[in-house]
Structure formats: structure tokens, C-alpha cells
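The values are calculated or read from the model by the stated rules, or taken from the named source; none is laboratory data. Remember, predicted model here, so these are calculated numbers, not experimental data. Every residue, glycine as well, gets a Cβ built from its backbone with ideal geometry; the counts of neighbours run over all protein chains shown.
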Amino acid sequence: MDENVLAGLEGSEDAGVYRLAPDLALVQTVDFFTPIVDDPKTFGRAAATNSLSDVYAMGGRPLTAMNIVCFPTKRLGLAPLRAILEGGMEVVRDAGAVLVGGHSVEDDEPKYGLAVTGLVHPDRIMTNAGLEPGDRLILTKKVGTGVIATALKGGLASRSEIDEMVGVMCTLNRAASEVAVSFGTRACTDVTGFGLAGHLVEMAAASRCKILVHADRIPLLSGALQWASMGLLPGGAHANRKYFGAWIDIAPRLSLERVDLMFDPQTSGGLVLGVPKELAGKVLEALHQRGVSDASEIGEALEKDPVGRLEIA
């Protein structure tokens, strides 16, 4: 390892960080996935938003992006691909970054995402390992995209539920990250494929803290509880619970559907911020003022724990 690697394989961080100078570090990340919605442009926007999120989770500012494309052009033609790339380009522009190229391959299944490079001050990096006992946990977006997407595939989700899910997936975490950095926040992760519970376990392990989260304080997408109660869960939710369950204690009083949503894999989910107790109210107020209206305090870091466990109450 190089001493200039400030974030890498350890701690399950969201992106790699490499120090270039005493006051400048490079943030690097890559992410792509298969379509979660039918509309190509919306898919492009969601995928690009998701890719950029890892830079924001580290407290960085996206600088450049490169397209990663797998697409069956012989079967679907170029029109849908153009729409996907246009959607991604719009999001890159909204993030204040520039698209500098990319790579494409012919593939039977469409896939799209970005490789993103950003900048961050070495002393202002946010990581999974930044939690301290007493810190309050703030979640910045609603949960339930995996369940709503599953209902959508089954032709069951309503138009309003789909629109709300798309709105969440296509909202950049830029404002939330900038607020967090302005308060000197050191602990952060973004909620994606491992679900809220999985990413909290990663934070607990990296910070060597026990985490308590209140399931009834988690903001949920409309319809998420209803569809979860009917068993409309993506396969990833079951895989997440099976893998992370060994580090989690769940209160018996909680309903099955509310617990299931803790493991629901998210697409372009929100940030979880760990902030000192005395700053929690001010951070929430600042987030709401910046338009992060769903930001909610959902739990806290408890005592130090060499293993790092999560308690869902």
C-alpha cells in the first residue's frame, strides 16, 4: 500500500481516495447496473446519479466522468442508447462535472454507469470509519426503491409510486454532501445495494461502534410497506439479510415488512451522516433548507464495540 492512499479496500469505503498534495486528494469510483425502469432516459439519469453518489459520500466534488456502456445495439438499435446517454449527460452537467469519454461493448443485456473522478481536501474526507459514540445518524432519502421496482415489474405499482421512486433515484446527493462537509462531518456512507441495514453494519464495523437504529423513524416511499407485506421483495433483500444477519439484533415487536425494508437494496439511495449530538438539529435544519426535505434522524452510535453490531429497535 501507498501512504497516500487515504481510503481504499479497508473499511468498505464508497470510493478510493489518493492524496496528491497536502491540501488536495483524488476521489475515484465506478458503478453501473441493469435497467430498473423502462424509460431509457430515466434509466440513464438514475444510473449516473447513483455513480456520482460515491464521490459525495466521501465529501468530494465530482470533476470528470466516463461512460460505461453494455448494450445490444443489433437488437434494440441506437435510439434507446442515445436516450440513456442523454439522461446520464444531464446528471453529469447538474453535478458540475464534465463527461470526457467512456467505453462501450456489445452485450445481450443493457448496462450503464459511470467511472467518476472527484476532488476532496485530505482533512475533510468522510468515511465509514468516522463514527464516534454519541453521534446521531441522519438519513437523507426515503427507503424502498427495490420493493417499488419489484412491484413495477409485476405491473402493480401506481403511477404516483413510480414517480416518487424515480424522483428519489434521480436526485443527486450533492446538497446533502455539501451540508455535511460544511459542518465538519467525518462519518458518512451512501445507501445502495446492501440496503440500509447492510451499510449501517459496514459503518459499525469500520468505526468499531455499536449502532442503534429506530425502524419506525426511517422515511419510506409510498406503497413500500404495502408491497413488502405482500412479499414483493427483490432477491437482493433476502441475500442481504442472510449475509449481514449475524451482526444484527432485531427487536421482536417489529413487523416483518418493516424489517424487510431495512434490507431492501436501494438504487441511488441517500446518505447516512454521523454527526455529533449537539449538531444534529442544526444539520437537519440546514438539510431541509437546502431542499433535502426527507432528511430524518434515525438512530445513534452507542458504545465502542470491537466487532461493530447493529441493533434495530
In segment 123-172, how many residues are among the hydrophobic types (A, V, I, L, M, F, W, C) and more than 24 Å from Asp260 (Cα to Cα)?
5
Could you go through segment 181-193 and let me know if any residue there is in a helix (DSSP H, G or I), assigned by TED's automatic domain parsing to the domain that holds Ile148 and among the β-branched types (Val, Ile, Thr).
yes
Number of positions in segment 256-283 that are over 18 Å from the mean Cα position of the chain (by Cα) and touching a residue at least 12 places away in the same chain (Cβ under 8 Å)
10
Show the residue pairs that are 6+ apart or on different chains and have beta-carbon atoms under 8 Å apart, the first residue being within segment 150-176 and in a helix (DSSP H, G or I), the second being of a type in the set (Lys, Arg).
Glu164/Lys142; Val168/Lys141; Val168/Lys142; Met169/Arg45; Ala175/Arg290; Ala176/Arg290
Cβ-Cβ under 7 Å pairs, at least 6 apart or on other chains, segment 117-132 side among the small types (Gly, Ala, Ser), far side assigned to a loop (DSSP other than H, G, I, E, B)
Gly118/Gly60; Gly130/Arg186
For segment 42-81, name all the residues that are more than 15 Å from Tyr112 (Cα to Cα) and in contact with a Cys (Cβ under 6 Å, 6 or more places away or on another chain).
Ala57
Under 6 Å by Cβ, and 6 or more places apart or on different chains, what pairs join a residue from segment 233-253 that is closer than 24 Å to Cys209 by Cβ with one that is in a strand (DSSP E or B) and among the basic types (Lys, Arg)?
none
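Conditions tested, residue by residue: (1) in contact with a helix residue (DSSP H, G or I) (Cβ under 6 Å, 6 or more places away or on another chain); (2) buried (at least 19 other Cβ atoms within 10 Å of the Cβ); (3) assigned to a helix (DSSP H, G or I).
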site: Asp2; (1), (2), (3): no, no, no
site: Ile36; (1), (2), (3): yes, yes, no
site: Gly44; (1), (2), (3): yes, yes, yes
site: Tyr56; (1), (2), (3): yes, yes, yes
site: Pro62; (1), (2), (3): yes, yes, no
site: Ile68; (1), (2), (3): no, yes, no
site: Ile84; (1), (2), (3): yes, yes, yes
site: Val105; (1), (2), (3): no, no, no
site: Gly118; (1), (2), (3): yes, yes, no
Output the residues belonging to segment 191-214 that are aliphatic (A, V, I, L, M), touching a helix residue (DSSP H, G or I) at 6+ places or on another chain (Cβ under 7 Å) and surrounded by fewer than 21 Cβ atoms within 10 Å (Cβ to Cβ).
Ala206
With the structure loaded, tell me whether Pro265 is outside any helix (DSSP H, G or I), of a type outside the set (Lys, Arg) and at pLDDT below 95 or whether it fails that test.
no
Count - residues of segment 128-148 that are among the basic types (Lys, Arg), within 30 Å of Val37 (Cβ to Cβ) and not in a loop (DSSP other than H, G, I, E, B):
0
